[in-house]
Amino acid sequence: MATNTIARGSSRKAAEIPVRKIGMEDLSISLRQGLDDFLTFRGDIVFAGIVYTVIGITAIVLATSMPLMPFFFPVVAGVGLLGPVAAVGFYELARRREAGEQDLHWFNFLDVRKRPSIDDMGIVAGLLLLIFFVWLIAAGVLYVALFDWATPTSIPQFLEMVFLTPRGWALIVGGAVVGAIFGWVVLSLSVVSMPLLVDRDVGASRAVSASWRAAQANKGEMLRWGVIVLGLLVLGSIPLFVGLAFVLPWLGYSTWHLYTRLIDRSAIR
């Protein structure tokens, strides 16, 4: 394993949580350990399947509302921005399994609400929700800049506008670039902060700071992790988001194990 602690703070910043430098091997190990957790808690598929299938159906319903149709793809893409919030229960199950608890079931997913940092989780969740809404605004501005205020009158017309016109492809490329920026921000803010808040009684600001520093110290690995997450979320969204019943728990557990490699937990006070 290629982890090395690279920051322990100082007398002036004694509260800084130490972060580590990781390598590609750590990403692979995290994914394998996450899959092992998922196979142990297969009942998670019930919870995640219901929640994310409902989200998928809701997104499809949006497509039938003509004024909101341009937001269909941003809403679908933005689901990933809120993934860290939905995954906190998986972090709780992984934490308890790591601690050696044997009698665990999928419904213990909800026990995360009993953690001492639950209020701080709410603060970070609110931050991610705010970023999600800013993303929708940015996507709307981009659409208006390219298509003015044109509103499609049918789903086929909307798909033709997006995929069969130069402005549509400019929208796709521009949306991908803007989405990548938002994705990096969310990854940097949440990859450590949410599992850390489940694991330890720390404040939201310390957790977010540790997450941001860990991501900046491991930019290459975090970019690869982001590509892996994106690829799995896309695959899991086909069809009707049902595949996320497998992908989300797997990524949730894997992110927990990645967190344990990114942070020197023994130094947290």
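Structure values in brief
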read-out	value
Cα lying deepest toward the dipole's positive end in the chain, options LEU244, TYR259, PRO156, charges on Cβ	TYR259
Percent RCO, i.e. relative contact order, over the chain, from Cα pairs under 8 Å lying at least 6 residues apart	37 percent
Relative contact order computed over region 134-251 (Cα-Cα under 8 Å; 6+ residues apart), in percent	16 percent
Point-to-point label distance, PHE133-LEU230, nm (Cα→Cβ direction, 7 Å offset)	2.6 nm
Nearest-0.05 FRET efficiency for ARG265 and LEU110, computed from C-beta distance (R0 22 Å)	0.35
Solvent-accessible area per residue for the chain (1.4 angstrom probe, square angstrom)	48 Å²
Region 151-219 - percent of accessible surface contributed by carbon and sulfur, probe 1.4 Å	71 percent
Region 94-215 - charge dipole about Cα centre, Lys and Arg +1 at Cβ, Asp and Glu -1, debye rounded to 20	220 debye
Within the chain, helix-based [θ] at 222 nm, where runs of 4 or more DSSP H residues each add -39,500 (n - 2.57), nearest 500	-22000 deg cm²/dmol
Sites MET24 and ILE172, calculated FRET efficiency, Cβ-Cβ separation with R0 25 Å, nearest 0.05	0.25
The chain, dipole about Cα centre (Lys/Arg Cβ +1, Asp/Glu Cβ -1), debye to the nearest 20	760 debye
Cα-projected label distance for ASP201 with ALA99, points at 7 Å along beta-carbon direction, nm	1.2 nm
Peptide ranges 189-195, 113-119 listed from the most packed, as the mean C-beta count within 10 angstrom indicates	189-195, 113-119
In order through region 206-220: 3J(HN,Hα) via Karplus (6.51 cos²θ - 1.76 cosθ + 1.60), integer Hz, x for Gly, Pro	5, 5, 5, 4, 4, 5, 4, 5, 5, 5, 5, 6, 10, 4, x
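The values are calculated or read from the model by the stated rules, or taken from the named source; none is laboratory data. Treat the numbers as computed from the prediction; the structure is a model and nothing was measured. Backbone-built Cβ (ideal geometry, glycine too); neighbour counts: all protein chains shown. SASA here: full protein model, heavy atoms, side chains in, ligands and nucleic acids out. Shrake-Rupley method; radii C 1.70, N 1.55, O 1.52, S 1.80 Å.
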